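**Q** Got a structure for you, questions after.
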Amino acid sequence: MLRIVIAILGFYLLGPIQLTAAAENNNSSSLFSTRFTHGDGEYEISSVRLPWFKARNLCRSLGKDLVSIESSAENIAILSAISSFSTESFWSAGTRLYSEDVNYFYWDSTGLSVDSYTNWAPGQPDDSHDYVRIWHEYDHQWDAAPHSYELLFICEWHPCV
């Protein structure tokens, strides 16, 4: 029964290609390569690349959300966890999707402004894109990227909250 539920969920969220990998392993662990903690948060780094909306929806289907980086300490923990991914970029929950102000990015997972802590790459954010990736080309600083890029992503959850 679980295999059928995973297959149906995978088809609607990920499409047929990613469905096969998730269904064959009969659990979500095949979708993630690394798990780590920071404070009261738990994090998982994906092993599959998805566009922003599919990454967000996959995290949410598992009771998690894309990562929102709200402090320097949290950013350091994430950078440490992804240090072996030197050529990979990652989706975060950062967006300005529903914002009328082109300079206002917020965490889709919390609704809070990203302004409490930022780690933008030089010249970022620019006016051309609406989703925040953790960009490997600038030592994993942030930049605004198109939602269609297929990137690894980090899911976050707080089980004690």
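The values are calculated or read from the model by the stated rules, or taken from the named source; none is laboratory data. Not measured: the values here are computed from a predicted model. A quick note on method: Cβ atoms are made from the backbone with ideal geometry, for glycine too, and the neighbour counts reach across all protein chains shown. Ligands, DNA and RNA are stripped out before the accessible areas are found, and what is left, the full protein with its side chains, is counted by its heavy atoms. Shrake-Rupley method; radii C 1.70, N 1.55, O 1.52, S 1.80 Å.
**Q** Hey, Ser33 hits all of (1) crowded, with 21+ Cβ neighbours inside 10 Å; (2) closer than 15 Å to Leu152 by Cβ; (3) at pLDDT below 95 but one; which does it fall short on?
**A** (1)
Matching residues to (1) open to solvent by 50 Å² or more (accessible area, probe 1.4 Å); (2) assigned to a strand (DSSP E or B); (3) modelled with pLDDT of 95 or more; (4) of a type in the set (A, V, I, L, M, F, W, C):
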| residue | (1), (2), (3), (4) |
| --- | --- |
| Gly63 | yes, no, yes, no |
| Asp126 | no, no, no, no |
| His129 | yes, no, no, no |
| His147 | yes, no, yes, no |
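**Q** Let me confirm something: among Ile45, Ile69, Ile76, which residue is surrounded by fewer than 18 Cβ atoms within 10 Å (Cβ to Cβ), on the phi < 0 side of the Ramachandran plot and either part of a helix (DSSP H, G or I) or among the hydrophobic types (A, V, I, L, M, F, W, C) (or both)?
**A** Ile76
**Q** Condition first: out of contact with any helix residue (DSSP H, G or I) (no Cβ under 6 Å at 6 or more places or on another chain), surrounded by 16 or more Cβ atoms within 10 Å (Cβ to Cβ) and not charged (D, E, K, R). Now tell me which residues in the range 108-124 satisfy that.
**A** Passing the criteria: Ser109, Val114, Thr118, Trp120, Gln124.
**Q** The conditions are (1) among the acidic types (Asp, Glu); (2) in a loop (DSSP other than H, G, I, E, B); (3) open to solvent by 70 Å² or more (accessible area, probe 1.4 Å), and Glu88 fails exactly one of them. Which is it?
**A** Here Glu88 clears every test but (3).
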